[in-house]
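To start, the structure itself, in structure tokens.
The values are calculated or read from the model by the stated rules, or taken from the named source; none is laboratory data. Predicted model, so just to flag it, every value in this text is computed and none were measured. Glycine gets a Cβ as well: all are built from the backbone with ideal geometry, and neighbour counts include every protein chain shown.
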Amino acid sequence: MRFYDIQKGSILIDGVDIRHMSKAHLREAFSLVLQDVFLFAGTVLDNIRLGNDQITRVQVEQAARVVHAHDFIGSLKGGYDAPVAERGATFSAGQRQLLAFARALAFNPKILVLDEATSNIDSETEALIQDALSQLMQGRTAVVVAHRLSTITHSDNILVLHKGEVVEQGSHTQLLQQGGRYAKLYQLQFANGTKAETKAG
């Protein structure tokens, strides 16, 4: 998204170097969901559509339903018009993340970037988000940065990074068959049916 410009190499979208695109045009193609969700003082509706009045209330509600945020929003006094405290202080981490996914879907991006978007959530919310992700990724390119491997098992292509270098590449099944670093991380996280958090060095 060119928050920082490239120092080496290039990044292409449909064969076009992103440095040849205006930042406004480039960023229209993206939705970004970060580990720490930014919510501002306003309403739930305002936070999902980020001041873009072209996104209707109906579209906001549709997006919230898809990512399983609608039920908890409906439980708030005022629903979509409920006030949001600065940084979403009155919401749980999982609720803030569901709002971020609703926001991402409401903008209907061509490219979705998830940067550790599931790392701060409880297991119950994770189940909702895993289902939401399958809906969110349909028909678009998704770039997912994750230590929690359950987030990426259905990805077409997984790049395993170690100390700044790509050490493995392939689908989830291919990487498990290779028995390398990814397979070891997966076994650690899912040993005995648990999902312990691990960090790749």
Does the stretch 51-62 include one or more residues that are within 21 Å of Q35 (Cα to Cα) and either of a type in the set (D, E, K, R) or in the same structural domain as A24 (by TED's automatic domain parsing) (or both)?
no
What are the residues in the stretch 18-36 that are at pLDDT 90 or above, surrounded by 11 or more Cβ atoms within 10 Å (Cβ to Cβ), under 25 Å from M137 (Cβ atoms) and out of contact with any strand residue (DSSP E or B) (no Cβ under 6 Å at 6 or more places or on another chain), if any?
I18, M21, K23, L26, R27, E28
Tell me yes or no: at least one residue of the stretch 54-67 is in contact (Cβ under 8 Å) with a residue 24 or more places away in the chain, in contact with a strand residue (DSSP E or B) (Cβ under 9 Å, 6 or more places away or on another chain) and crowded, with 17+ Cβ neighbours inside 10 Å.
no
Identify all residues within the stretch 37-53 that are surrounded by fewer than 17 Cβ atoms within 10 Å (Cβ to Cβ) and closer than 21 Å to D115 by Cβ; write none if there are none.
F38, F40, L50
Pair list, Cβ under 7 Å, 6 or more apart: the stretch 40-52 residue part of a loop (DSSP other than H, G, I, E, B), other residue of a type in the set (K, R)
L50/R103
Restricting to the stretch 1-45, count the residues that are of a type outside the set (A, V, I, L, M, F, W, C), over 26 Å from I55 (Cβ atoms) and touching a helix residue (DSSP H, G or I) at 6+ places or on another chain (Cβ under 9 Å).
2
Among the numbered criteria (1) under 25 Å from T151 (Cα atoms); (2) in contact with a Lys or Arg (Cβ under 8 Å, 6 or more places away or on another chain); (3) not in a helix (DSSP H, G or I), which single criterion is violated by I55?
(1)
Kindly list, by first and then second residue, each pair from a residue in the stretch 5-16 that is of a type in the set (S, T, N, Q) to a residue that is surrounded by 10 or more Cβ atoms within 10 Å (Cβ to Cβ) and assigned to a strand (DSSP E or B), limited to pairs with Cβ atoms under 8 Å and residues at least 6 apart or on different chains.
S10/D17
Selection from the stretch 58-93 of residues part of a helix (DSSP H, G or I) and of a type in the set (S, T, Y) yields Y80
